[in-house]
Amino acid sequence: MRRVVITGQGTINALGRNVPETLEAMREGRCGISDLEFQDVERLSIRIGAQIKGYEPETSFNRQQIALYDRFTQFTLLAAREAIGQAGLAFSGELATRSGVVFGTSGGGMNTLDENYRTVYEDGKNRVHPFVVPKLMNNAAASHVSMEWNLKGPSFTVATACASSNHAMGQAMQMIRGGMADVMITGGSEAMLCFGGIKAWEGLRVMSKDACRPFSANRNGMVQGEGAAVFVFEDYEHARARGAEILAEVVGFSMTSDAADIVMPSKQGASRAIVGAMRDAGLNPEDVAYVNAHGTGTTANDKTECAAVADAFGHHADDLMISSTKSMHGHLIGGTGAVELLACIMALRDGVIAPTIGYEEPDPECALDVVPNVARDVKVEAVLSNAFAFGGLNAVLALRAA
């Protein structure tokens, strides 16, 4: 099998408009969660989120593009510009046909849905914009990235709720490993911070009204965020031949299904995914120093994930660092695994472990080293990134230092 490396990364999220800003915020343990600002927010009981404040699409896109691009597509394109720019790739000739796109999202064009339901039901209008369907469809971001950069290989979107990005990046890795592509643009995006998006999640009663405190005994729910992160996955020999800077190597991937409950997570399903990623990567538990946790801040997720980590790592779990960056950038649902991969690459390249902020009270059911509140300087060689979704869908990635 061919080796797969990362040669570019890009992002826009509540912590920063690019990768350097985001990593600086993670190092500082800065919180991107604040009061939400959009129409009808006063009708919600949940009024906080990790929103990208002051975002103006007009500074990055023209009128015709804005008519075609939902907010989640705009975020994807901005992150892709940064990632592909860093990789230094131009897609033409054979490389164009050997390069593709696979992204993760859950809500897709949620803002477009929200706006047009309001137009039809609240404003009483009988017509909507002719581009509503191509704007809201989940594959819109992947399609526009393929068109903007002339990517003619396999291109599609994965929608597996909160595991969407990890599933997408795992598929991208496997396509390069198996020889289907030489380069894949991959990651995830989400923009569900609108009235309809938050109102739907309120019904689940898993949202916090004040803060995201993963693993802390006084945690009271998750907090949503928005944004995108995009990566350039590339065949190692291809990257080396052109002298590209390698940020990290993607060495393992595993996906499992709990086949148990639509919302309650399973320790066994999560543990099997963790073990599977290590096995695929050829890693022993002792080789892994850091795990970026799914860590939503809900009681069910946190205690189940900690039990799964303990089960998968055995005695090494006591020496493992595990943190949830959702405490800073919020839960981006389908895009969350992509933003969290930035923290994994930072750990490998810079030796900085992003903290779990908001941690206030130890929980006996989460008795692991959760890197509370303050980042840690530790050189690591191998890391995992967990994603466990509603529907019992689990996806874990393993990375090594370049």
Over the stretch 80-170, relative contact order from alpha-carbon pairs under 8 Å, at least 6 apart, %
45
Rounded to the nearest 0.05, what FRET efficiency is calculated for I246 and E56 with R0 set to 30 Å and r the Cβ-Cβ distance?
0.30
Please express the Cα-Cα pair-distance distribution P(r) of the stretch 279-324 as a list of whole percents, one per 5 Å bin, running from 0 to the bin with the greatest distance.
5, 22, 30, 25, 13, 5, 1
Above-threshold pairs, the threshold being 20 Å between Cα atoms, out of K53/K326; K209/K267; K303/K326:
K209/K267
Probe 1.4 Å, accessible area per residue of the chain, Å²:
37
Give me the accessible area of V370, 1.4 Å probe, in Å² rounded to the nearest 10.
0
From the P(r) of the stretch 206-249, could you give the percentage of C-alpha pairs in the tail past 17 Å?
58
If you bin the C-alpha pair distances of the stretch 1-157 every 5 Å from 0, what whole percents do you get?
2, 8, 13, 18, 19, 16, 11, 7, 4, 2, 0, 0
Two-site label geometry, E202 and E286: point separation in nm, points 7 Å out along Cα→Cβ
5.3
In whole µm²/s, the translational diffusion coefficient that Stokes-Einstein assigns to the stretch 302-377, given a Kirkwood hydrodynamic radius over C-alpha pairs, 4 °C and 1.567 mPa s, equals 99
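Could you compute Rg(Cα) / (2.2 N^0.38 Å) for the stretch 71-139, with N its residue count? Before the final figure, lay out the partial values.
Numbers: Rg = 16.6 Å, N = 69, 2.2 N^0.38 = 11.0 Å.
Normalised by 2.2 N^0.38 Å, the Cα Rg of the stretch 71-139 equals 1.51.
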Run down the lysines and flag those whose C-alpha is under 20 Å from the C-alpha of K125, throwing out any fewer than 8 positions away in its chain.
K135
Could you pull the accessible area for E365 with a 1.4 Å probe, rounded to 10 Å²?
110
Return the single residue from G203, G221, G32 with maximal mean-square fluctuation; model: Gaussian network over the chain, springs between Cα atoms under 10 Å.
G203
Please tell me the relative contact order of the chain in percent, rounded to the nearest whole number, where contacts are Cα pairs under 8 Å and at least six residues apart.
24
On a full-extension model of 0.36 nm per residue, what is the gain between M264 and M180, subtracting their alpha-carbon distance, rounded to one decimal in nm?
26.7 nm
Computed FRET value (nearest 0.05) for E237 with D318, which takes r as the C-beta separation and R₀ as 41 Å:
0.55
Compactness of the chain, expressed as Rg and Dmax over alpha-carbon positions, Å:
19.7, 63
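The values are calculated or read from the model by the stated rules, or taken from the named source; none is laboratory data. Nothing here was measured: the structure is a model prediction, and the numbers come from that model. We place every Cβ from the backbone using ideal geometry, glycine too, and count neighbours over all the protein chains shown. SASA here: full protein model, heavy atoms, side chains in, ligands and nucleic acids out. Shrake-Rupley method; radii C 1.70, N 1.55, O 1.52, S 1.80 Å.
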